[in-house]
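**Q** I am attaching a structure below and will ask some questions about it afterwards.
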Amino acid sequence: MTLFDLPDAATLYTALLTRDASYEGRAWVGVTSTGVFCRLTCPARKPKPENCRWFDSLGACLEAGFRPCKRCQPLKAATQAEPVIEELLAALSARPDHRWCEADLSAMGYERGTVRRAFKRHFGMSFLELARLDRLRRGFEVIGDGGTVLEAGLEAGFSSASAFRARVGQILGLAPADFSPEALLKIDWIDTPLGPMIAVADARALHLLEFMDRKALPTELKKLTQAAKGLLGFGRTAIHDQTASELARYFDGERAEFTVPLVYHGSGFTCRVWDALRQIPVGETRSYGQLAQEIGQPTATRAVARANGANQIAILIPCHRVIGADGSLTGYGGGLWRKQRLIEIEAGYASVPPLPHPEGPPARHSTTTAASER
């Protein structure tokens, strides 16, 4: 669904000529004579009206085959064009115990609809939803440090322990009582510019990395719990720290290579597909058919698509680099808006030679979990 309905072509062309900044982050122009797409504020020479195509998202520009302009850099983090995002994220950080509501936004002088659209555009959720998830994260930290469910609920700003239990169960598919204090696999939270992620790791490797609002997350966690014989709990390991550090460098544009050791939970065929995903160069994409060719099973396109969708280590196993044969973004468990943003981020890496670094260890393949390795 489009959050901003584009006006007619004449209005947009006038905005292009005048470099109207009000269209930043809301409209882009593709120039058919050059094959590039630009912000409407681009300082480059203006194209003729008949050579302009108008788009309401960066993903639509990329899908249409246009490449980003080198002058206005339309793939640069769009949040820089909307100060309200940085301002409210700073306010959230400054008041971690505050229970945010719409009245707070009005009192700070923000128009609630504008804030909602800006955060939906860049995070796929409203500011208030983001604030509630931040509170929940702090509750997880209390449990990970050995605190009680009641203490965690209070820290997270819930009125009762039962309300906190219900919210945790809704998101993770497991109640806090289901988690073991002697956990082998530990759950922790990693913040990213695309929203919070849940990471599950043992002392040696990462088993799961998913955006917290992924619908399949509860099912995936239940499977890990069963395979680990219930030894799943809150806590943080050195693997969590390494994952968070490498993700931060990735989003900061410093390095797109990951060395975190991984454990696969899938069939032999599925693991082959995941290995092939990790071989796709940064800044490139493949279709499901091309990926099937690369693993030597050209007739297994549908099976490749299923294996791609079963990936439970987002970003590090880059299933977002697989698109439809027609160039469409196709499905993504973390949401198409995130897939679009990840492709945009990696487009910035494409022209930069990768930094030399030691190769990470190959993934361990497992159809159970590391529970059997204790």
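**Q** If I filter region 282-296 down to residues being touching a residue at least 24 places away in the same chain (Cβ under 8 Å) and on the phi < 0 side of the Ramachandran plot, which single residue comes out as surrounded by the most Cβ atoms within 10 Å (Cβ to Cβ)? If you could, list the steps in order and put the result at the bottom.
**A** First, the residues of region 282-296 that are touching a residue at least 24 places away in the same chain (Cβ under 8 Å): 282-289, 291.
Filter once more, keeping what is on the phi < 0 side of the Ramachandran plot: 282, 284-289, 291.
Values: Val282: 18, Glu284: 12, Thr285: 18, Arg286: 21, Ser287: 19, Tyr288: 22, Gly289: 16, Leu291: 24.
Step by step, filter region 282-296, then rank; the result is Leu291.
**Q** One residue is enough: does region 255-269 have a residue meeting the conditions among the basic types (Lys, Arg) and either assigned to a loop (DSSP other than H, G, I, E, B) or not assigned by TED's automatic domain parsing to the domain that holds Ala203 (or both)? Spell out how you get there, then give the answer.
**A** At the first step, the residues of region 255-269 found to be among the basic types (Lys, Arg) are 255.
Narrowing further to those that are either assigned to a loop (DSSP other than H, G, I, E, B) or not assigned by TED's automatic domain parsing to the domain that holds Ala203 (or both): 255.
Yes, there is a match, as at least one residue in region 255-269 is among the basic types (Lys, Arg) and either assigned to a loop (DSSP other than H, G, I, E, B) or not assigned by TED's automatic domain parsing to the domain that holds Ala203 (or both).
**Q** On to the next question. So which residues in region 219-269 are surrounded by 17 or more Cβ atoms within 10 Å (Cβ to Cβ), without any contact (Cβ under 8 Å) to a residue 60 or more places away in the chain, out of contact with any Ser or Thr (no Cβ under 8 Å at 6 or more places or on another chain) and not polar (S, T, N, Q), if there are any at all?
**A** Selection gives Leu221, Ile239, His240, Ala244.
**Q** If you don't mind, another one. Provide a single number: the residues in region 221-254 that are over 17 Å from the mean Cα position of the chain (by Cα) and outside any loop (DSSP other than H, G, I, E, B).
**A** Residues flagged as over 17 Å from the mean Cα position of the chain (by Cα) and outside any loop (DSSP other than H, G, I, E, B) within region 221-254 amount to 14.
**Q** Working only within region 282-300, note down all residues that are under 16 Å from Tyr349 (Cα atoms) and either modelled with pLDDT of 95 or more or in contact with a Phe, Trp or Tyr (Cβ under 9 Å, 6 or more places away or on another chain) (or both).
**A** Val282, Gly283
**Q** Failed condition for Arg26, given (1) out of contact with any Phe, Trp or Tyr (no Cβ under 9 Å at 6 or more places or on another chain); (2) within 16 Å of Pro74 (Cβ to Cβ), with all others met?
**A** Result: Arg26 passes all but (1).
**Q** Something else now. When you scan region 350-372, do you find a residue that is part of a loop (DSSP other than H, G, I, E, B) and either on the phi > 0 side of the Ramachandran plot or at pLDDT 90 or above (or both), even just one?
**A** no
**Q** On to the next question. Looking only at region 89-110, which residues are in a loop (DSSP other than H, G, I, E, B) and modelled with pLDDT under 85?
**A** Arg95, Pro96, Asp97, His98, Arg99
**Q** Any residue that is aromatic (Phe, Trp, Tyr), within 21 Å of Tyr349 (Cβ to Cβ) and modelled with pLDDT under 95 - is there at least one of those in region 230-242?
**A** Start the filter on region 230-242 by keeping residues that are aromatic (Phe, Trp, Tyr), which leaves 234.
Right, trim to within 21 Å of Tyr349 (Cβ to Cβ) and you get none.
Looking for residues that are aromatic (Phe, Trp, Tyr), within 21 Å of Tyr349 (Cβ to Cβ) and modelled with pLDDT under 95, one finds none in region 230-242, hence no.
**Q** In region 187-207, what count of residues is obtained for those that are among the hydrophobic types (A, V, I, L, M, F, W, C) and either over 15 Å from Phe258 (Cβ atoms) or not assigned by TED's automatic domain parsing to the domain that holds Tyr332 (or both)?
**A** Residues meeting the conditions: 6.
**Q** Give all pairs with beta carbons closer than 8 Å in which a residue from region 189-209 that is of a type in the set (S, T, N, Q) meets a residue that is buried (at least 20 other Cβ atoms within 10 Å of the Cβ); count only pairs at least 6 apart in sequence or on separate chains.
**A** Cβ pairs passing all conditions: Thr192/Leu247.
**Q** Take the residues in region 304-347 that are of a type in the set (A, V, I, L, M) and surrounded by fewer than 17 Cβ atoms within 10 Å (Cβ to Cβ), then tell me which one is farthest from the chain's Cα centre (by Cα).
**A** The qualifying residue farthest from the chain's Cα centre (by Cα) is Ala325.
The values are calculated or read from the model by the stated rules, or taken from the named source; none is laboratory data. As the structure is a prediction and not an experimental result, all values here were calculated from the model. So basically every Cβ, Gly included, is an ideal-geometry build from the backbone, and we count neighbours across all protein chains shown.
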